[in-house]
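Q: Sharing a structure, written as structure tokens. Questions coming.
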Amino acid sequence: MKELVQKRLEHIRKEEFGDILRVQSAAMKAVHDRMWKHRIAHLTPVMLSTITDPLNHSVEDASLHYGGQKLELTKSMILHKQLAVGRKDIKGIYIVSPNVRLERGHCASTGRHLLEFSQVDIELRGASAKDFMLFMESLYVYVLTFVKRECWEELGRLGRELKVPGAFPVYESDALRAEYGEDFERIASEKAETPFWITGYLREFYDRQDPKSGKHINYDLFYPEGFGEALSGGEREYEYSRIVQKMEERKTDLSSFEPYLEAARSGALVPSAGGGFGVERMVRYLTGREHVKDVVLFPRVPGEEIVF
Ligand code: ASN
């Protein structure tokens, strides 16, 4: 125990954290400023709920019992985001949202996974995929420009040179898969010199699928230089019958989403598009560190003992 405590203290005291945390502070200030400018409302996070994101991959159970209810720790606030933008007076919302995803061991080596992380989770009422992608591109350029200007000394000491992108190329996931195989995301990110989008993923029920063409109207944003996925999101399903159909196709247990389904049945959901980007991944990219754990004082790395 003693040795482990010392090891963790060494991590907390690492000299470079001064610069890394300064970059993080600048990036988050830029995010909040941008949201303010666009009248996107800041919501406080939800950490306990009867419903949470089913995710696209399986993780270990993170639920608890309280007051006779089974409550889930938030994996993402996607379902709450949809409920929130049902308000007519809201143009969009964002949350700096803590997410708990008890990933299985293999995620330790990706450099991008933590059991607990924060994402800036955004949803725009009435928006299309295109609207959201443009919004995100301008946010990204704004953050990068701000960090470069305000933190040039810190970035210099960290040995990091950042380029502000012009265009954001868009690729279809099927086309990249055909070119590079199953590992297409990693390969495309390693080859890229600017951030880029990949669209058209088959995944959770809440991302919209065009009923006629069968196209999945969703997207991921990727960092260049091998830093991998930055954001995922999509247009949303909001009609009760479509949601049930998509859940059934995915063999989802409908009863565990009953409050959400009841809301959908009563017409509480509206068209929207959104997405979320991980704060730690963004800071890792901005500072050019190897692993997300290098930018977090108290990282929860899959497979590593938690001390503090
Ligand atoms: N934040 C994502 C979205 O808006 C969902 C997620 O984190 N799995 O689509």
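Q: Would you check which residues across segment 286-301 are crowded, with 19+ Cβ neighbours inside 10 Å and closer than 15 Å to residue 117 by Cα and list them?
A: 292, 293, 294, 295, 296, 299, listed by residue number.
Q: With respect to the numbered conditions (1) within 15 Å of the ligand (Cβ to nearest atom); (2) outside any loop (DSSP other than H, G, I, E, B); (3) of a type in the set (Asp, Glu), which one is the sole condition not fulfilled by residue 190?
A: (1)
Q: Take residue 220 and tell me if it is in contact with a Ser or Thr (Cβ under 8 Å, 6 or more places away or on another chain) and among the acidic types (Asp, Glu).
A: Considered against the rule, which asks whether it is in contact with a Ser or Thr (Cβ under 8 Å, 6 or more places away or on another chain) and among the acidic types (Asp, Glu), residue 220 comes out as yes.
Q: So, of the residues in segment 249-258 that are among the hydroxyl-bearing types (Ser, Thr, Tyr) and either surrounded by 17 or more Cβ atoms within 10 Å (Cβ to Cβ) or in contact (Cβ under 8 Å) with a residue 12 or more places away in the chain (or both), which turns out to be farthest from residue 55 (Cα to Cα)?
A: 256
Q: Still on this model: Can you tell me which of (1) part of a loop (DSSP other than H, G, I, E, B); (2) within 16 Å of the ligand (Cβ to nearest atom); (3) in contact (Cβ under 8 Å) with a residue 40 or more places away in the chain is the one residue 246 doesn't meet?
A: (1)
Q: Here's something else I'd like to know. Kindly establish whether residue 109 is under 27 Å from residue 254 (Cα atoms), out of contact with any Pro (no Cβ under 8 Å at 6 or more places or on another chain) and either among the polar types (S, T, N, Q) or away from the ligand (no atom under 15 Å from the Cβ) (or both).
A: Considered against the rule, which asks whether it is under 27 Å from residue 254 (Cα atoms), out of contact with any Pro (no Cβ under 8 Å at 6 or more places or on another chain) and either among the polar types (S, T, N, Q) or away from the ligand (no atom under 15 Å from the Cβ) (or both), residue 109 comes out as no.
Q: Of all residues in segment 157-187, count the ones that are under 30 Å from residue 24 (Cα atoms) and away from the ligand (no atom under 16 Å from the Cβ).
A: So the count comes out to 19.
Q: Being surrounded by 20 or more Cβ atoms within 10 Å (Cβ to Cβ) and either within 16 Å of the ligand (Cβ to nearest atom) or not β-branched (Val, Ile, Thr) (or both) is true for just one of 234, 267, 226, 214. Which residue is that?
A: 234
Q: Being of a type outside the set (D, E, K, R), outside any loop (DSSP other than H, G, I, E, B), more than 30 Å from residue 18 (Cβ to Cβ) and under 17 Å from the mean Cα position of the chain (by Cα), is that true of even one residue in segment 250-266?
A: no
Q: If you take the residues in segment 59-78 that are touching a strand residue (DSSP E or B) at 6+ places or on another chain (Cβ under 7 Å) and hydroxyl-bearing (Ser, Thr, Tyr), which one is farthest from the ligand (Cβ to nearest atom)?
A: Step by step, filter segment 59-78, then rank; the result is 63.
Q: For segment 69-117, enumerate the residues that are part of a strand (DSSP E or B) and farther than 25 Å from residue 25 by Cα.
A: Of everything in segment 69-117, those that are part of a strand (DSSP E or B) and farther than 25 Å from residue 25 by Cα turn out to be 69, 70, 71, 72, 73, 102.
Q: Going by the conditions given, is residue 174 in a strand (DSSP E or B) and not hydroxyl-bearing (Ser, Thr, Tyr)?
A: Considered against the rule, which asks whether it is in a strand (DSSP E or B) and not hydroxyl-bearing (Ser, Thr, Tyr), residue 174 comes out as no.
Q: When you scan segment 113-148, how many residues do you find that are aromatic (Phe, Trp, Tyr) and either within 14 Å of the ligand (Cβ to nearest atom) or under 18 Å from the mean Cα position of the chain (by Cα) (or both)?
A: Counting residues in segment 113-148 that are aromatic (Phe, Trp, Tyr) and either within 14 Å of the ligand (Cβ to nearest atom) or under 18 Å from the mean Cα position of the chain (by Cα) (or both) gives 4.
Q: Return the residues of segment 17-34 that are over 25 Å from residue 121 (Cβ atoms) and in contact with a Lys or Arg (Cβ under 8 Å, 6 or more places away or on another chain); say none if nothing qualifies.
A: If the condition is that a residue be over 25 Å from residue 121 (Cβ atoms) and in contact with a Lys or Arg (Cβ under 8 Å, 6 or more places away or on another chain), then 19 is the only one that fits.
Q: Follow-up question, since we're still on this one. Run residue 83 past the list (1) more than 15 Å from the ligand (Cβ to nearest atom); (2) over 17 Å from the mean Cα position of the chain (by Cα) and report the number of the one that doesn't hold.
A: Result: residue 83 passes all but (1).
Throughout, read-outs are computed from the coordinates displayed, never taken from laboratory work. Since we're looking at a predicted model, the values are computed, not measured. Reconstructed Cβ throughout: ideal geometry from the backbone, glycine too, with neighbour counts over all protein chains shown.
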